[in-house]
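Written below as structure tokens is the structure these notes are about.
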Amino acid sequence: MTIYIVSSGGGHTGYAIAVAEALFELNEYMDIKFIVDPFDKWSIMRIRKRIVNPKYVYVSKPRNPLESFSKLLARIPVSLIESLINIEKPEAIIATGSNHSITPILAGLVKKAKLLISIEAVDRIHTYSIANKKLHDYVKIPIALHWIEQLKNYSRGFVTGPIYEKPLYKTEDHGFILVLTGSMGHLKLIKLLLETDLDDVVIQSGKVEPSFITSKKPHWRVFRFDPDIDYWISKASVVLGHQGLSIVEAALSYRKPVILVYNPDLPQTSGLIDSILLAEKLNGLFINPDEVKPSELVEAIEKVKKEKPFEYGNGSLKLAKIVIDSIS
């Protein structure tokens, strides 16, 4: 049986890996293929870090973050053709919530896959993914949900619990503050941090040029990306990050105190209310960078060190069992 999992970068790839890990745990001989954009080197490297001898199928993303809707319309035909050609004899296709999932799901319909399913974003507790909503309402596919609150948006939704990757490293405290800014970066948070006197800081900067940070704080460790980001998470004292899967994995996989710093410059992701609710779910702190002073950020870091994240079972295994039962 061949199962295709859409891996669209960022948290979407995280969900794909988490489900693949659970599927292999249930059946080590499972034939799993990751659908990736041919230029998404980060996803390819991250999958390779966690999955032994991974298999890839290449399908172009119709639209990248912050691109216009017209880009999506222009690229959809190419993406659909690639999906129809490259996805062969699918038993199941697992989408992960981005526009990249649309054409593989349509190809699965044409090729009569036994199961078509998608995963909602863990941070969309109040709002919903537009791609998932369209697939749910028009293609009638079920949506795997992390939280009970998400059921209000999906009549065919079912709750698995939060889906996240397994830890790769032992959790230790090496005393540094880790800042995760995702693929797009978080300039407002970085500028706020630069006004503090924090000493031991590690920043994954995304699209923000590392030299912009190190020119002001030469002793800070800064890199754009690291496919082994789990190492840094596992050794941090506190983790700061925007709304998304990485901050969830810091809290749930590695039991790290977390501060969710809302990023208003990501219009295609979840919103302000989602971020507040997610911080509550993780027993972390929420900060709006437009409303706090540098000194208040430092105070929040010291405060959250005393907190422990709430515990949730990993929903990946529950979803994997549903997938296998549906195609057996």
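The values are calculated or read from the model by the stated rules, or taken from the named source; none is laboratory data. This is a predicted model, so every value here is computed, not measured. Here Cβ is always computed from backbone atoms with ideal geometry, including for glycine, and neighbour counts include all displayed protein chains.
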- Take the residues of segment 145-158 that are touching a helix residue (DSSP H, G or I) at 6+ places or on another chain (Cβ under 7 Å) and in a strand (DSSP E or B): which is farthest from residue 12 (Cα to Cα)? 157
- Return a yes/no flag: does segment 137-144 have any residue that is part of a strand (DSSP E or B), in contact with an Asp or Glu (Cβ under 6 Å, 6 or more places away or on another chain), surrounded by 15 or more Cβ atoms within 10 Å (Cβ to Cβ) and in contact (Cβ under 8 Å) with a residue 24 or more places away in the chain. yes
- Condition check for residue 121: under 21 Å from residue 164 (Cα atoms) and in a helix (DSSP H, G or I): no
- Item | Residues of segment 272-328 that turn out to be of a type in the set (Gly, Ala, Ser), surrounded by 18 or more Cβ atoms within 10 Å (Cβ to Cβ) and within 30 Å of residue 114 (Cβ to Cβ), as a count | 3
- Query: Which residues, counting only those in segment 1-54, are within 17 Å of the chain's Cα centre (by Cα), of a type in the set (Asp, Glu) and part of a loop (DSSP other than H, G, I, E, B)?
  - Reply: 37, 40
- Please specify each residue of segment 55-88 satisfying the condition of being modelled with pLDDT under 95 and in a loop (DSSP other than H, G, I, E, B). 61, 62, 63, 64, 65, 66, 67, 68
- Item | Residue list for segment 50-73, filter: over 17 Å from residue 105 (Cα atoms) and either acidic (Asp, Glu) or in contact (Cβ under 8 Å) with a residue 12 or more places away in the chain (or both) | 50, 51, 54, 55, 65, 66, 67
- Note on the structure: A careful count of residues in segment 175-219 that are touching a helix residue (DSSP H, G or I) at 6+ places or on another chain (Cβ under 9 Å) and farther than 20 Å from residue 296 by Cα gives 10
- Task: Could you please give the count of residues in segment 245-264 that are at pLDDT below 95, more than 13 Å from residue 189 (Cβ to Cβ) and in a loop (DSSP other than H, G, I, E, B)?
- Result: 0
- Query: Just wondering, is there one or more residues in segment 250-265 that are at positive phi and in contact (Cβ under 8 Å) with a residue 24 or more places away in the chain?
  - Reply: yes
